[in-house]
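The values are calculated or read from the model by the stated rules, or taken from the named source; none is laboratory data. All figures in this text were calculated on a predicted structure; none of them were measured in a lab. FYI the Cβ positions are ideal-geometry reconstructions off the backbone, even for glycines, and counts take in every protein chain you see. The protein model used for the area step is the full one, side chains on, heavy atoms only, and it has no ligands, DNA or RNA in it. Shrake-Rupley method; radii C 1.70, N 1.55, O 1.52, S 1.80 Å.
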Amino acid sequence: MFWAGALILMTVMVGLAANGVRQIRRGQVTAHRRSMSRASNLVVLFLLSYLVKRVWIGAEDLDPWSQTALANLWIHETMVAGMLISGGSALYRGRQLARTRRATGSADDPPAEPAAIRKHRLAGWIGVVASALGLLTACGVLAQIFSLFG
Ligand code: HEM
């Protein structure tokens, strides 16, 4: 049950991130920020629920898992780690961008450094792609877990 809920949460999170990219491409900075912040909040919610699950229920028994299922799990965990690190960096840099003319459109605010924009976009894209690949491999993880209960 826990992992089915986690997959639903991750699907909503990836949907918000994809919407956030669509919004910034339409010049909708506030909507982009809102979507990406909501996606980040869902990631934090997942991490907290995972900690509770680990303390309360413990870790999954990986002994019956096939080599292929274990390889998929490790790829999944690597994508999730990439999403956390790069997405976190994009959020931090996005909050800095939020104070610049690039986000506010106001001449009263300082212009954004081109390097700051480049780094935000790069971290953002790595975060978004890693989250999508994390979702894809999560489907394989859930299929493996269900197959053990089948
Ligand atoms: C405080 C939150 C955020 C703000 C204010 C913000 C703001 C912006 C702005 C102004 C741009 C356009 C940069 C340009 O090309 O001139 C941008 C692009 C982008 N942002 Fe954010 N961002 C935020 C959070 C995030 C997060 C958390 C992610 C992903 C994890 C993200 C992913 C992206 C991506 C992928 C692009 C490039 C889109 C493209 O290729 O056109 N942003 N963001």
(message) With the requirement that a residue be more than 22 Å from the chain's Cα centre (by Cα) and open to solvent by less than 50 Å² (accessible area, probe 1.4 Å), what does the range 40-68 give you?
(response) GLY58, TRP65
(request) Can you run down the residue pairs with Cβ atoms below 6 Å, 6 or more apart or on separate chains, where the first is in the range 119-142 and basic (Lys, Arg) and the partner is within 11 Å of the ligand (Cβ to nearest atom)? (result) LYS119/ARG93
(request) With the checklist (1) modelled with pLDDT of 95 or more; (2) open to solvent by less than 40 Å² (accessible area, probe 1.4 Å); (3) under 26 Å from GLY15 (Cα atoms) in hand, flag the one item TRP74 doesn't pass. (result) (2)
(request) Would you check if ILE85 is open to solvent by 50 Å² or more (accessible area, probe 1.4 Å) and either touching a His at 6+ places or on another chain (Cβ under 9 Å) or more than 18 Å from ALA123 (Cα to Cα) (or both)? (result) no
(request) Need at least 2 residues that are away from the ligand (no atom under 12 Å from the Cβ), under 21 Å from THR137 (Cβ atoms) and touching a Ser or Thr at 6+ places or on another chain (Cβ under 7 Å) per element, so show me which helices (runs of 4 or more DSSP H) inside the range 21-127 make the cut, counting only ones lying wholly within it. (result) 67-97
(message) Whether any residue in the range 103-121 is within 23 Å of VAL14 (Cα to Cα), surrounded by 18 or more Cβ atoms within 10 Å (Cβ to Cβ) and of a type outside the set (A, V, I, L, M, F, W, C) is what I want to check.
(response) yes
(message) Under 6 Å between Cβ atoms, which residue pairs at least 6 apart in sequence (or on different chains) link something in the range 1-27 that is free of Cβ contacts under 8 Å to residues at least 12 places away in the same chain with a partner that is within 10 Å of the ligand (Cβ to nearest atom) and part of a helix (DSSP H, G or I)?
(response) ILE24/HIS32
(request) May I ask you to list the residues in the range 47-65 that are in contact (Cβ under 8 Å) with a residue 24 or more places away in the chain and under 19 Å from GLN144 (Cβ atoms)? (result) TYR50, LYS53, ILE57, GLU60, PRO64, TRP65
(message) Let me confirm something: among ALA6, ALA18, which residue is in a helix (DSSP H, G or I) and open to solvent by less than 30 Å² (accessible area, probe 1.4 Å)?
(response) ALA6
(message) What are the pairs with Cβ atoms under 6 angstrom where one residue, in the range 97-108, is over 20 Å from LYS119 (Cα atoms) and the other, located anywhere, is within 6 Å of the ligand (Cβ to nearest atom) and open to solvent by less than 30 Å² (accessible area, probe 1.4 Å)? Sequence gap at least six, or different chains.
(response) none
